[in-house]
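Student: This is the structure, below, for whatever I ask next.
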Amino acid sequence: MTPRWRADLQTERILAANRLFRGLLQGFMLARFLPDVHAMGWSIIAAGSLLSASLLTDFTLTLLVGHRSDQLSPKRILQTGELLSLLAGSLFLVHPSPFFLALSVLLAGLGQRSNGSPGPWAPAEQAILSRTVPSEESYRIFSHNTFWGLSGMALGALAGTLEATSGHPLAGLRLVMSGLILLSLVNIYLLARLSDDAFRLSSGPAPEKSEKLTPPERWNLSLVVSSNLFYGLSIGMADAMISYWFLLKFHASPEHISFLLALSFLLSGGLAGVLGKIPDRLKAVSYVLLQVLGLAGIVLLPGSSSLVGAGILYTLRIASVRAPGGLRQALVANAVRPVRAGWSAGLHFSSLHLLQAAGPLVTGYFWESHRTGSPLVLAAACMAVSLFLTTFLYVRTVSSKNPDLPDQNARRQTAGPYETRRSEDASNGT
């Protein structure tokens, strides 16, 4: 076991632990946030507007982070994100009011981030993995990260079933913010244990200063953006406010909603772990099959007549969206040369969040008008278009070997320090 191999393994484990801890809070908040603010008297349109504003904030931040993730230490960028989450929790504990709750949601992405993702700081995480993970291992490692994030979400959602129903919801949110502060401190400590040398680019011949995108890379990234716009809108309309839908349609209790989502996240996490281990030649087929099953689930969901039936259909949807998250990340990482890893990650996350930000607001408008099925039908249509575009991208980057994209099977390192991996003006988000 070489020192470099040990350092890479430590990096992968620390980032996986970060995902697990973030997932704990994300799972709880996805299950309980909307029912709790509903109990506090918030309207559907107000809750949807807040989540849309939070997604828009993440989108704006990712524009900046994606631009810098190839120039600055990605470890410092991730620590900055954790510090903002710590600040968000502290503000609410000092002033436990709806205003500071909204401010905390904007700063920490509470109630809308998922998979243990660091949100707008995700391009930095992907830049680290792209520098330490061999290309042939990227699908396994990204899926491994997704597994731990979803496992954390399952535990967090399960904790939502144990929360006492008595008392004001703000009391429960105080406990959540305390947990946010504690877990942010743990993640900052873990990130501090990362050595910059573990993912600093190795020395070698310096790359060309411009490092312009090749025509195949432009095509690949165009497909990424097009697919993500539809995919993000589908997620924004159908997933960000799904706990509210169960509340409106079936009058389900927050505990029942939490238990249902916990099972969905647990199944999705297990599936993510399996996807990371299957042979490369089966990944595209598995992804397409999952998306078809998820599409069927979201198409049938509006007509479901029972909470159990709706739970099964939504589990299909959740598994198709959450479990392949690592595959989508690795696909983007492999769509360009390693020198463009951070920039392409920024473009990926920003395009995913651009229209996703509008989703909760649109859904809130429909539900305020008592049209509970309309957002789900629109989400199904967007998912179908995204599936077609993503399948085409898989054919280009997985099924075929592109001679114009060098180093696809080599370790994801090129020459120069952080500042030599120049970024261009990127669009980004999660």
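Student: Please go through the range 184-206 and pick out each residue that is more than 18 Å from A127 (Cβ to Cβ) and at pLDDT 95 or above.
Tutor: S184, L185, V186, I188, Y189
Student: Of all residues in the range 328-376 being of a type in the set (F, W, Y) and either at positive phi or surrounded by 24 or more Cβ atoms within 10 Å (Cβ to Cβ) (or both), which is modelled with the highest pLDDT?
Tutor: Out of the qualifying residues, it is F349.
Student: Please list, ordered by first then second residue, the pairs with beta carbon atoms under 6 Å, 6 or more apart or interchain, first in the range 138-157 and within 15 Å of D280 (Cβ to Cβ), second surrounded by fewer than 24 Cβ atoms within 10 Å (Cβ to Cβ) and among the small types (G, A, S).
Tutor: R140/G276; S143/G276
Student: From the list Y314, Y287, which residue is at pLDDT below 85, under 25 Å from S151 (Cβ atoms) and of a type in the set (F, W, Y)? Step through it out loud before you land on a result.
Tutor: Numbers: Y314 fails: at pLDDT below 85.
Just a single option satisfies the conditions, and that option is Y287.
Student: Suppose we filter R13, R32 for residues that are surrounded by fewer than 22 Cβ atoms within 10 Å (Cβ to Cβ) and either among the charged types (D, E, K, R) or not in a helix (DSSP H, G or I) (or both); which single one remains?
Tutor: Sole residue among the options that is surrounded by fewer than 22 Cβ atoms within 10 Å (Cβ to Cβ) and either among the charged types (D, E, K, R) or not in a helix (DSSP H, G or I) (or both): R13.
Student: If you go through the range 272-310, how many residues are within 25 Å of P375 (Cβ to Cβ), under 20 Å from the mean Cα position of the chain (by Cα), buried (at least 17 other Cβ atoms within 10 Å of the Cβ) and of a type outside the set (F, W, Y)?
Tutor: 5
Student: Only one of (1) under 23 Å from L393 (Cβ atoms); (2) part of a loop (DSSP other than H, G, I, E, B) fails for A319. Which number is that?
Tutor: A319 satisfies all of (1) under 23 Å from L393 (Cβ atoms); (2) part of a loop (DSSP other than H, G, I, E, B) except (2).
Student: If the requirement is being of a type in the set (S, T, N, Q), closer than 16 Å to V186 by Cβ, touching a Leu at 6+ places or on another chain (Cβ under 9 Å) and modelled with pLDDT of 90 or more, which of these qualifies: S104, S85, S52?
Tutor: After applying the criteria, what remains is S85.
Student: If you go through the range 59-69 one residue at a time, do you hit one that is crowded, with 18+ Cβ neighbours inside 10 Å, modelled with pLDDT under 95, in contact with a Gly (Cβ under 8 Å, 6 or more places away or on another chain) and not in a helix (DSSP H, G or I)?
Tutor: Yes, the conditions are met somewhere in the range 59-69.
Student: Among (1) of a type outside the set (A, V, I, L, M); (2) surrounded by 18 or more Cβ atoms within 10 Å (Cβ to Cβ); (3) modelled with pLDDT of 80 or more; (4) over 27 Å from G270 (Cα atoms), where does R113 come up short?
Tutor: (4)
Student: Note down all Cβ pairs under 8 Å where the first residue falls in the range 283-294 and is in a helix (DSSP H, G or I), the second is among the aromatic types (F, W, Y), and they're at least six residues apart or on different chains.
Tutor: Correct list of pairs: K283/Y139; K283/Y394; A284/Y394; Y287/Y394; V288/Y394.
Student: Taking only pairs six or more apart or across chains, which ones have beta-carbon atoms under 8 Å, a first residue in the range 90-105 that is in contact (Cβ under 8 Å) with a residue 12 or more places away in the chain, and a second residue that is of a type in the set (K, R) and surrounded by fewer than 18 Cβ atoms within 10 Å (Cβ to Cβ)?
Tutor: F92/R174; L93/R174; P96/R174
The values are calculated or read from the model by the stated rules, or taken from the named source; none is laboratory data. Values in this document were obtained by computation on a predicted structure and should not be read as measured data. As a convention, Cβ positions derive from the backbone with ideal geometry for all residues, glycine included, and neighbour counts pool all protein chains shown.
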